[in-house]
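All remarks here apply to the structure that follows.
The values are calculated or read from the model by the stated rules, or taken from the named source; none is laboratory data. No experiment lies behind these values; they were computed from the predicted model shown. Every residue, glycine among them, receives a Cβ derived from its backbone with ideal geometry; neighbour counts consider all protein chains shown. Just the protein is used for accessible areas: all its heavy atoms, side chains included, with ligands, DNA and RNA removed. Shrake-Rupley method; radii C 1.70, N 1.55, O 1.52, S 1.80 Å.
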Amino acid sequence: MSTPTHIRGTRPAGAYIDECVADLRAIREQWGDLLAAIARRPAAVWPPLECREWEQPAAAEPDDASSIGRMPLVLREHPAPANLTALDAAMSVEEALFAACDVIAGRVQRPVRYVPARTLTRSGQPSIRSSVDRDDRDDPARWTLPTHSASVTGRAAHPGSRVHGLHWAAVWLEGRALDERHGDLFAATPAPVVEDLAAVARRARATVERALGRDGRPTKLDRPCPWCGGLLTAHTRSGDPSAAAIVCATGEACGAPVPLDRGRRIWRGTDRVGLRLALEAAQQREQPAA
């Protein structure tokens with residue numbers, strides 16, 4: 001996340017802050033979906049109906065901590081992947097945000113304080129030495145860098161604040177973008193650093209949404225409209241799966257019980273449930289009787 005050598009843009013700093021915060025929040029909100037996708041085989045068609053909780057009645061959340069709603073947001077705790085595309089995306093985004101935290105902590109975070117501590121020498125004489133201020137070192141707001149080499153310290157390597165997962169990293173980065181105060185722990189984040197962070201967050205969000213099929217690309221369904229046999233095309237909106245829409249290419253002649261939009265039948269919101277059920281019923285009718 002080094003500062004580029006080319007001439008930077010002339011956009012107001014506030015624009016970068018707003019976009020950076022929005023992208024970081026979008027990543028957090030969709031992170032659980034991405035981790036859930038890792039454990040599921042990629043859907044052959046859009047939408048992956050079996051994975052769309054927002055199209056089905058809400059069910060009671062199980063107590064299992066690995067459920068989608070409360071799954072641990074740390075990749076190494078995730079089971080063996082079934083979707084390598086989602087896994088690659090998650091690993092890439094996680095590393096990008098962790099690296100950004102490491103770099104920004106080095107730029108704006110105050111080093112750990114040392115405080116005087118009374119000790120005794122071998123001869124029993126009193127002595128004053130400096131020791132780490134443990135309260136300052138263990139401040140939850142502090143981003144702790146990982147220990148990369150066990151041989152240097154003689155201790156086992158530790159992931160530092162990365163152990164708390166991507167969700168906390170995104171929250172911490174948002175705080176630095178907004179210049180949130182926490183005593184004297186942080187200096188003001190320079191505008192070029194915020195601009196670089198905004199670029200990292202923008203790319204990371206795009207990676208997450210591309211892996212989830214939420215990047216706005218239209219996708220042709222492999223099954224025809226149950227009412228007229230026309231081509232069905234799904235359209236997504238970046239970062240908002242609930243805004244997805246499915247359009248029939250036939251036009252007004254299609255008899256589907258949904259509204260017309262620019263001369264085409266279109267399924268939005270709860271109407272998608274009806275389309276899903278109709279597609280499933282059509283598929284069952286095509287199957288030979290046992």
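Within the group Gly263, Gly213, which residue is farther than 30 Å from Leu84 by Cα and open to solvent by less than 50 Å² (accessible area, probe 1.4 Å)?
On the way: Gly213 fails: farther than 30 Å from Leu84 by Cα.
Unique residue meeting the criteria: Gly263.
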Going by the structure shown, is Arg203 more than 24 Å from Gln284 (Cβ to Cβ), crowded, with 20+ Cβ neighbours inside 10 Å, under 17 Å from the mean Cα position of the chain (by Cα) and among the basic types (Lys, Arg)?
-> no
Of the residues in the range 129-161, how many are open to solvent by 40 Å² or more (accessible area, probe 1.4 Å) and either of a type in the set (D, E, K, R) or at pLDDT 90 or above (or both)?
-> 9
Scanning the range 244-259 for residues that are under 21 Å from Val273 (Cα atoms), among the small types (Gly, Ala, Ser) and open to solvent by 30 Å² or more (accessible area, probe 1.4 Å) gives Ala249, Gly255
Scan (1) buried (at least 19 other Cβ atoms within 10 Å of the Cβ); (2) in contact with a Phe, Trp or Tyr (Cβ under 9 Å, 6 or more places away or on another chain); (3) not small (Gly, Ala, Ser) for the single condition Leu221 breaks and write down its number.
-> (1)
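This table checks each residue for (1) in a helix (DSSP H, G or I); (2) open to solvent by less than 90 Å² (accessible area, probe 1.4 Å); (3) at pLDDT 85 or above.
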| position | (1), (2), (3) |
| --- | --- |
| Met1 | no, yes, no |
| Thr5 | no, no, no |
| Arg8 | no, yes, no |
| Asp18 | yes, no, yes |
| Asp23 | yes, yes, yes |
| Ile27 | yes, yes, yes |
| Trp31 | yes, yes, yes |
| Pro42 | no, yes, no |
| Val45 | no, yes, no |
